[in-house]
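Student: Quick one: structure below, then a few questions.
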Amino acid sequence: MTLSDKEFRDVARLMYERFGIHLTEQKRTLVAGRLTKRIRNLGLANIGEYLVRVHADKTGAELTELVDRITTNHSFFYREKDHFEFLVSDVLPAIKARRERDAGFSLRVWSAGCATGEEPYTIAMAIREFLGATANTADWGVLATDLSLAALREAIKAVYADNRVRELPAAWRSSYLEKRGEDEWAIKEDLRRAVMFKRLNLMNENYPFKGLFDVVFCRNVMIYFDPPVRRALVDRIYRYVKPGGYLFVGHSESLPRETCPFDYVRPAIYRKADVR
Ligand SMILES: C[S@@+](CC[C@H](N)C(=O)[O-])C[C@H]1O[C@@H](n2cnc3c(N)ncnc32)[C@H](O)[C@@H]1O
């Protein structure tokens, strides 16, 4: 199946308006390829008929199917590893020192655009490594959100192929994963319980969070967005970060200094100014 100019424009407009996703012309073949099977399964003739179906479905389920097919949820454990090293060596000790001085330790981390869960589980491993023996009693948690229901289902299943866990330090692998069959690994129960998964469209004007976060990871998500959408997203995330808290983005997603409300710390790491 191929897409006419108009059909591609219609899909692209819908993705942009609802999810901020900017589909460039180079994505035309990919979009056609990914939608063909769905359209055939529904017994429809073409993308025009499919879009009528998407708009007519007031439950939003078909729109979810559509976006699940178009987004790429590629991820792996310990991706961009210097982020996890910096988290353990600098960010967590600073938060701990400060909290203990103020009101006792607590830590909230948000993985925004968590895909199939590798990122939030790696964050939870890093936190457990840092907290050591106190990890079971300390007040901490990781919230992980994504738009894609299919990705979230995988994340909750928490079973991964060998190639996804390859980058993890061997000690972390043996502490937090258990082998399942030939070449699969499952996240151990303790770690699973530390991460809560929720569906969230980052384009929503407001997010349903009760408190603010010490650290936000929003990595390899902004690659989907154009500069105005990126800027609006960073401004929105900023509202949910504690003073002195951190934002990690993907290494290919640096934020323009002129408009970024966060201070630059090091490549792909930003910090919200502290209150004086
Ligand atoms: C490439 S994955 C990144 C996964 C992980 N953060 C990492 O760096 O490995 C990008 C994720 O962003 C999600 N995403 C794209 N647009 C989104 C939106 N508007 N709201 C929430 N998630 C979105 C996609 O569903 C996908 O799972």
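Student: Run the dipole for region 1-139 about the Cα centre, Lys and Arg Cβ at +1, Asp and Glu Cβ at -1, nothing else charged, and hand back the magnitude in debye, nearest 20.
Tutor: Values: 21 positive and 20 negative charges, 68 e Å.
Roughly 320 debye, rounded to the nearest 20.
Student: For region 164-213, max minus min Cα coordinate along each principal axis, in Å, sorted largest first?
Tutor: Over region 164-213, Cα extents along the principal axes are 44, 19, 18 Å.
Student: Need the list of lysines near Lys27 for cross-linking: C-alpha distance under 21 angstrom, and skip anything on the same chain fewer than eight residues off.
Tutor: Result set, ordered by chain and number: Lys6, Lys37.
Student: Per the Kirkwood treatment, what hydrodynamic radius in Å, one decimal, follows for region 169-276 from the mean inverse distance over all distinct Cα pairs?
Tutor: Values: mean 1/r = 0.0621 Å⁻¹.
Every distinct Cα pair counted, the radius reaches 16.1 Å.
Student: Report the percentage of all Cα-Cα pairs in region 35-126 whose separation exceeds 15 Å, rounded to a whole percent.
Tutor: On the way: 2991 of 4186 pairs.
It works out to 71 percent of all Cα pairs.
Student: Hey, what's the Cα Rg ratio for region 40-185 versus the globular rule of thumb, 2.2 N^0.38 Å?
Tutor: On the way: Rg = 19.6 Å, N = 146, 2.2 N^0.38 = 14.6 Å.
Ratio of Cα Rg to 2.2 N^0.38 Å: 1.34.
Student: Note the per residue figure in Å³ for the convex hull of the C-alpha positions in region 81-271.
Tutor: Working: hull volume 23.0 nm³, N = 191.
Convex hull of Cα atoms, per residue: 120 Å³.
Student: Put a dot 7 Å past each Cα toward the Cβ at Arg98 and Lys157; how far apart are the dots in nm?
Tutor: Once both label points are built, they end up 3.9 nm from each other.
Student: A follow-up question, please. Which Rg and Dmax, in Å, describe the Cα atoms of region 113-194?
Tutor: So, for region 113-194, Rg and Dmax equal 12.5, 36 Å respectively.
Student: Counting only DSSP beta bridges with both residues in the chain, what percent are antiparallel, rounded to the nearest 5?
Tutor: Values: 13 of 33 bridges.
Percent antiparallel among DSSP bridges in the chain is about 40.
Student: Check cross-link reach from Lys210 to the lysines: straight Cα distance under 27 Å, and skip same-chain residues fewer than eight apart.
Tutor: Partners found: Lys96, Lys157, Lys198, Lys242, Lys272.
Student: Aspartates and glutamates near Lys188 by alpha-carbon distance under 16 Å, same-chain residues fewer than 8 away left out - which ones?
Tutor: List returned: Glu118, Glu119, Glu129, Glu154, Asp162, Glu178.
Student: If one computes P(r) from the Cα atoms of region 207-263, what percent of pairs lie at distances over 12 Å? Provide the component values of the computation, followed by the final result.
Tutor: Working: 1052 of 1596 pairs.
When every Cα pair of region 207-263 is considered, 66 percent fall beyond 12 Å.
Student: Taking the alpha-carbon centroid of each part, what is the distance from region 66-101 to region 242-259 in angstrom?
Tutor: Distance between centres, Cα-based: 13 Å.
Student: How many Å³ per residue does the convex hull of the Cα positions in region 5-70 occupy? It would help to have the intermediate numbers written out before the result.
Tutor: Working: hull volume 5.2 nm³, N = 66.
In region 5-70, the Cα convex hull volume per residue is 78 Å³.
Student: Taking K and R as +1 and D and E as -1, what net charge do the other residues with C-beta under 12 Å from the C-beta of Phe213 add up to? Working shown, then result.
Tutor: On the way: positive: Arg108, Lys210, Arg239, Lys242, Lys272; negative: Asp214.
Residues close to Phe213 contribute a combined charge of +4.
Student: Per residue of the chain, what 222 nm ellipticity follows from adding -39500 (n - 2.57) for every DSSP H run with n ≥ 4, rounded to the nearest 500?
Tutor: On the way: 12 runs with 119 residues, N = 276.
The helix-only estimate for the chain comes to -12500 deg cm²/dmol at 222 nm.
Every number here is computed from the coordinates shown, using simple stated rules; none is lab data. Worth saying up front: this structure is predicted, and the values here are computed from it rather than measured. In this analysis, Cβ positions are derived from the backbone assuming ideal geometry, glycine residues included, and neighbour counts consider all displayed protein chains.
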